[in-house]
Amino acid sequence: MRERIMMRGSVALAEGALMAGCHYYFGYPITPQNDIPEYFSQRLPQQGGIFIQAESEVASINMLLGAAAAGARAMSSSSGPGISLMQEGLSYMAGSELPGLVVNITRIGPGLGGIAPSQGDYWQATRGGGHGDYRLIVLAPNSVQEMYDLTIKAFELSDKYRNPAMILGDAILGQMKEPVRLSDPKIQHLDKPWALRGARGRGPQLIKSLYLKDGEMEKHNWHLQEKYRKLQDADTLVEAELEDAMDILVVSFGSCSRIVQSAVRLARGKGIRVGMIRPISLFPFPGKTIYEATQTVKKVLTVEMNTGQMWDDVRLSLSPGCQARLMARPGGGIPSPLEILEEIENFVKAGDHVAKSVC
Amino acid sequence: MQKVFAKPEALIDTTFHFCPGCHHGTVHRLICEAIDHYQVREKTIGIPGVGCGVFLYDYIHIDVCEAPHGRAPAVATGFKRVLPQNVIFTYQGDGDLGAIGMSEVVHTANRGENITVIFVNNNVYGMTGGQMAPTTLLGQQTTTSPYGRDFQTDGYPIRMAEMLATLEGVAFACRVSLHTAAHVKKARKAVFKAFDMQLKNMGFSFVEFLSACPTNWGMNPQQSVERMEEEMMPYYPLGTFKERTAPDYL
């Protein structure tokens with residue numbers, strides 16, 4: 001077992017990408033993710049890799065599309081507004097069934113917004129984000145160790161399903177330092193017979209998302225949906241800390257889930273029976289885990305740093321008869337463990353009939 | 001008897017979907033002749049933009065990757081950086097290259113990416129039905145300039161070859177025409193030159209083709225080639241605007 005070393009989240013992410021065999025990075029500066037391209041610009045040439053500072057995020061994502069179509073593991077990173085510019089390319093990549101990784105170190109939106117930590121891009125990340133019926137594979141780390149591990153996982157899943165993947169983080173995860181074990185896992189590398197490297201020893205191949213013939217596009221869309229169903233069945237990632245006879249279940253993801261973990265410990269210290277579910281893959285969403293847990297626990301609190309985006313998915317996953325509450329802090333507000341504890345206590349004390357929202 | 005002309009091997013033996021009098025088919029053939037000449041069919045990857053040229057894969061016997069509208073040079077950059085030994089070209093029209101994709105082509109050229117860009121300038125958006133393009137001539141009527149292009153509201157037609165020739169990263173930039181057999185022969189040489197530049201790692205090569213879109217010009221093919229000579233060529237002069245003799249890293 002390798003020793004643990006102190007590392008910043010963004011550096012762990014970059015090292016995870018290198019470990020996964022990603023030797024191509026295309027990006028454009030935007031705060032608060034600049035330390036990722038800066039690190040790659042130094043590190044990739046040492047590895048015989050390619051770093052390009054593109055003229056825009058629009059160009060970055062299309063360079064990624066080209067590198068992916070050529071069969072390489074490649075990535076880009078950006079933040080809110082830049083990720084918005086990439087949506088066209090992400091839609092084309094999903095439509096063309098190309099893998100690739102995009103990292104979103106989320107800013108506060110809408111608009112130019114702000115650079116403090118936020119989880120306001122949950123909808124954009126998990127609903128596809130661009131035009132058409134498609135999804136991204138979205139993983140949400142909550143530690144520096146996971147910035148490393150889930151980056152590797154994202155490349156593997158992206159190749160496995162031939163679909164772009166996203167790491168959804170924020171400035172807390174990018175900037176914080178924690179001990180990390182840079183494990184050297186057996187990285188999955190799949191053959192890519194579909195990649196374009198020139199028609200040598202085979203007929204010409206084509207990568208496209210345009211289907212004009214009658215019925216072709218409907219068939220293609222159902223094919224994509226079938227992939228997402230398989231992804232849901234085989235590769236949903238979730239951390240569930242459940243106990244018997246829970247008073248309340250708390251659901252939270254990403255950096256916010258770290259604060260919730262502290263609040264849950266405090267609540268348990270006060271004798272409250274609290275369960276916690278942390279979706280690690282936001283798409284596919286671990287709705288089944290939530291459904292099963294809420295067969296018994298009927299009070300469900302969602303805590304997130306936006307106006308209640310994941311709350312949509314939580315409410316769609318509940319067993320009948322649950323009370324769902326939301327503790328939301330948009331715009332860079334970060335809830336403290338004590339504030340969350342208070343919310344947990346109030347919800348537990350509240351009568352069944354006074355729930356803010358009943359599903 | 002000696003055979004002096006044949007269909008290039010790289011060209012798929014089928015009927016083009018292009019309208020009568022359209023020059024896309026000619027451009028396709030010239031690209032195929034260059035592919036045959038340099039024997040690079042098995043390592044060439046074509047990246048068409050969005051427009052009438054998107055069906056490149058139906059006609060050329062090579063690997064093809066579609067690109068979003070205007071983004072072909074960025075996609076080509078990704079390919080070329082992964083596969084530096086392959087021949088990578090984009091195939092783009094007026095709107096794709098001169099409007100929505102202006103940023104991508106300028107910066108790809110400026111980085112000196114060792115790729116070839118084929119630019120078909122027919123003064124209109126062809127596939128979408130003949131709207132005004134950045135290359136539409138002043139006074140030219142289109143479906144979105146029904147009173148004729150007016151510089152006071154629509155600006156001026158853009159001369160892409162000259163503009164790109166100003167960039168240090170560009171190895172070769174030229175404009176050719178396809179309105180007579182003699183011009184097609186010259187255009188053939190230009191395509192060969194562009195491929196040759198790429199094979200010699202000289203940097204970014206660019207060939208702009210003046211071509212006709214009879215359907216959207218509302219003309220027959222004969223009137224169209226006359227218009228090319230009389231109206232397009234005075235504004236879009238033919239010639240080589242940049243030709244590097246040694247790679248810039250030497």
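Each value in this text was obtained by applying a stated rule to the coordinates, not by laboratory testing. Predicted model only: the values in this text are computed from it and were never measured. Please note: Cβ atoms are built from the backbone with ideal geometry, for glycine as well, and neighbour counts cover all protein chains shown.
Classify segment A:230-359: rounded, prolate or oblate, from the alpha-carbon gyration tensor (a ≥ b ≥ c, eigenvalue square roots; a/c under 1.5 rounded; otherwise prolate if a/b is larger than b/c)?
Numbers: a/c = 1.42, a/b = 1.19, b/c = 1.19.
Rounded shape, in that the Cα axes give a/c under 1.5.
Report the antiparallel proportion of the DSSP beta bridges in segment B:24-243 as a percent, rounded to a multiple of 5. Walk me through the numbers before you get to the answer.
On the way: 7 of 32 bridges.
Antiparallel bridges: around 20 percent, rounded to the nearest 5.
How large is ³J(HN,Hα), in whole Hz, for each residue of segment A:172-187 in order, when computed from phi with the Karplus curve 6.51 cos²θ - 1.76 cosθ + 1.60 and θ = phi - 60°, using x for Gly and Pro?
Karplus values, whole Hz, x for Gly and Pro: 4, 5, x, 9, 6, 10, 8, x, 10, 9, 7, 5, 10, x, 6, 7.
With r defined as the distance between the Cβ atoms of A:Lys186 and A:Met6 and R0 fixed at 22 Å, what FRET efficiency is calculated, to the nearest 0.05?
Calculated transfer efficiency: 0.30.
Output the 0 to 90 degree angle, nearest 10, between the alpha-carbon long axis of helix A:254-269 and the longest principal axis computed from the alpha carbons of chain A.
Between helix and principal axis, roughly 20 degrees.
Among B:His28, B:His179, rank each residue by its count of other Cβ atoms within 10 Å, from fewest to most, as a rough exposure measure.
Details: B:His28 25, B:His179 19.
With the fewest neighbours first, B:His28, B:His179 line up as B:His179, B:His28.
Which of A:Lys153/A:Lys177; A:Lys208/A:Lys288; A:Lys177/A:Lys288; A:Lys213/B:Lys193 have a Cα-Cα distance over 27 Å? Don't jump to the answer; show the numbers that get you there.
Working: A:Lys153/A:Lys177 21 Å; A:Lys208/A:Lys288 34 Å; A:Lys177/A:Lys288 33 Å; A:Lys213/B:Lys193 38 Å.
In this structure, A:Lys208/A:Lys288; A:Lys177/A:Lys288; A:Lys213/B:Lys193 exceed 27 Å between Cα atoms.
Kindly identify segment A:298-349 as rounded, prolate or oblate by the Cα gyration tensor criterion: order the square roots of the eigenvalues as a ≥ b ≥ c, call it rounded if a/c is under 1.5, otherwise compare a/b with b/c, prolate if a/b is larger, else oblate.
Numbers: a/c = 3.62, a/b = 1.25, b/c = 2.90.
Judged from the Cα gyration tensor, segment A:298-349 comes out oblate (a/c at least 1.5, b/c at or above a/b).
Could you tell me the relative contact order of segment A:4-235? Use alpha-carbon pairs under 8 Å, at least six residues apart, and round to a whole percent. Don't skip to the answer; put the middle values down first.
Numbers: 449 pairs, mean separation 56.5, N = 232.
After rounding, I find 24 percent.
Across the protein assembly as shown, what fraction of all alpha-carbon pairs, as a whole percent, falls in each successive 10 Å bin from zero upward?
Per 10 Å bin, starting at zero, the Cα-Cα P(r) for the protein assembly as shown comes out as 3, 16, 24, 21, 16, 10, 6, 3, 1, 0, 0 percent.
Please list, in order along segment A:108-121, the HN-Hα scalar couplings obtained from phi with the Karplus expression 6.51 cos²θ - 1.76 cosθ + 1.60 (θ = phi - 60°), rounded to whole Hz, x for Gly and Pro.
For segment A:108-121, the Karplus-derived couplings read 8, x, x, x, 5, x, x, 9, 6, x, 7, 10, x, 9 Hz, x marking Gly and Pro.
For labels at B:Tyr249 and A:Ala240 in the simple 7 Å Cα→Cβ model, what's the distance in nm?
5.5
Counting only C-alpha contacts under 8 Å and six or more residues apart, can you give the relative contact order of segment A:131-219 as a whole percent? Mind showing how you got there, number by number?
Working: 70 pairs, mean separation 23.6, N = 89.
Computed value for segment A:131-219: 27 percent relative contact order.
Beyond 27 Å, what share of the Cα-Cα pairs of chain B remains, rounded to the nearest whole percent?
Details: 9263 of 31125 pairs.
Within chain B, distances greater than 27 Å cover 30 percent of Cα pairs.
Taking the 0 to 90 degree range and rounding to the nearest ten, how far is the long axis of helix A:35-46 tilted relative to the main principal axis of chain A, both from C-alpha atoms?
Orientation of helix A:35-46: about 40 degrees from the principal axis.
At what distance in nm do the modelled label points of B:Gln131 and A:Arg258 sit from each other, each positioned 7 Å from its Cα along Cα→Cβ?
According to this spin-label approximation, the distance is 4.7 nm.
I'd like the FRET efficiency for B:Lys3 and A:Arg273, computed as 1/(1 + (r/R0)^6) with the beta carbon distance as r and R0 of 51 Å, rounded to 0.05. Display every interim value, and only then the final one.
Details: r = 88 Å, r/R0 = 1.73.
The pair B:Lys3/A:Arg273 has a calculated efficiency of 0.05.
Given the Cα-Cα distance of B:Thr14 and B:Gln222 and 0.36 nm per residue of separation, how much length would full extension add, in nm? Let's see the in-between values first.
Details: separation 208, 0.36 × 208 = 74.88 nm, distance 2.42 nm.
Stretched out fully, the B:Thr14 to B:Gln222 stretch lengthens by 72.5 nm.
Give a residue-ordered list of calculated ³J(HN,Hα) values for segment B:19-32 (Karplus: 6.51 cos²θ - 1.76 cosθ + 1.60, θ = phi - 60°; whole Hz; x for Gly, Pro).
5, x, x, 6, 9, 4, x, 5, 4, 4, 5, 5, 4, 5
Per the helix-only calculation at 222 nm, which mean residue ellipticity applies to chain B, given -39500 (n - 2.57) for every DSSP H run of n ≥ 4 and division by its residues, nearest 500 deg cm²/dmol?
Working: 8 runs with 75 residues, N = 250.
After summing the helix terms and dividing by residue count, I get -8500 deg cm²/dmol.
Can you tell me how segment B:53-124 classifies by the Cα gyration tensor, rounded, prolate or oblate, using a/c under 1.5 as the rounded cut? Write down the numbers at each step before the final one.
On the way: a/c = 1.99, a/b = 1.11, b/c = 1.80.
Cα axes put segment B:53-124 in the oblate bin.
Can you give me the long-range amide H partners of B:Ile60? Hydrogens built in the peptide plane at 1.01 Å from N, cutoff under 5 Å, separation of 5 or more residues or another chain.
Residues meeting the criterion, in which the H sits 1.01 Å from N, are B:Ile12.
How many angstrom lie between the C-alpha centres of segment A:276-344 and segment A:82-104?
Computed from Cα coordinates, the inter-centre distance equals 27 Å.
Under the definition of Cα pairs under 8 Å and six or more residues apart, what whole-number percent is the relative contact order of segment A:238-354?
Working: 201 pairs, mean separation 35.3, N = 117.
For segment A:238-354, the relative contact order is 30 percent.
Could you list B:Cys52, A:Cys22, A:Cys256 so that the one with the fewest beta carbons within 10 Å of its beta carbon is first and the one with the most is last?
Working: B:Cys52 20, A:Cys22 25, A:Cys256 28.
In order of increasing Cβ crowding within 10 Å: B:Cys52, A:Cys22, A:Cys256.
Taking segment A:241-322, which GluC sites (Glu not before Pro) meet the DSSP loop condition and have no more than 13 other C-beta atoms within 10 Å?
Values: sites: A:Glu241, A:Glu243, A:Glu292, A:Glu304; in loops: A:Glu243.
Those that pass, being in a loop and sparsely packed, are A:Glu243.
For A:Lys230, list the aspartates and glutamates whose Cα falls under 18 Å from its own Cα; do not include residues on the same chain fewer than 8 positions away.
List returned: A:Glu97, A:Asp133, A:Glu156, A:Asp159.
Between A:Lys349 and B:Gln85, what FRET efficiency comes out of the Förster formula 1/(1 + (r/R0)^6) with R0 = 51 Å and r the beta carbon distance, rounded to 0.05? Write down the numbers at each step before the final one.
Details: r = 70 Å, r/R0 = 1.37.
With a Förster radius of 51 Å, E is 0.15.
For chain A, what proportion of DSSP beta bridges, expressed in % and rounded to the nearest 5, is antiparallel?
Numbers: 13 of 45 bridges.
If I count the DSSP bridges inside chain A, around 30 percent turn out antiparallel.
Test of understanding: what is the full-extension gain from A:Trp194 to A:Ser56, defined as 0.36 nm times their sequence separation minus their Cα-Cα distance? Intermediate values should be presented prior to the final figure.
Values: separation 138, 0.36 × 138 = 49.68 nm, distance 2.80 nm.
Here the answer is 46.9 nm.
Just counting partner chain Cβ atoms within 10 Å, what average do the residues of peptide A:188-199 show around their Cβ? List each step's numbers first, then the result.
Details: counts 0, 0, 0, 0, 0, 0, 0, 4, 12, 9, 13, 10.
Averaged over the peptide's residues, the number is 4.
Quick one: angle between helix A:144-161 and the longest Cα principal axis of chain A, in degrees between 0 and 90, rounded to 10, please.
60
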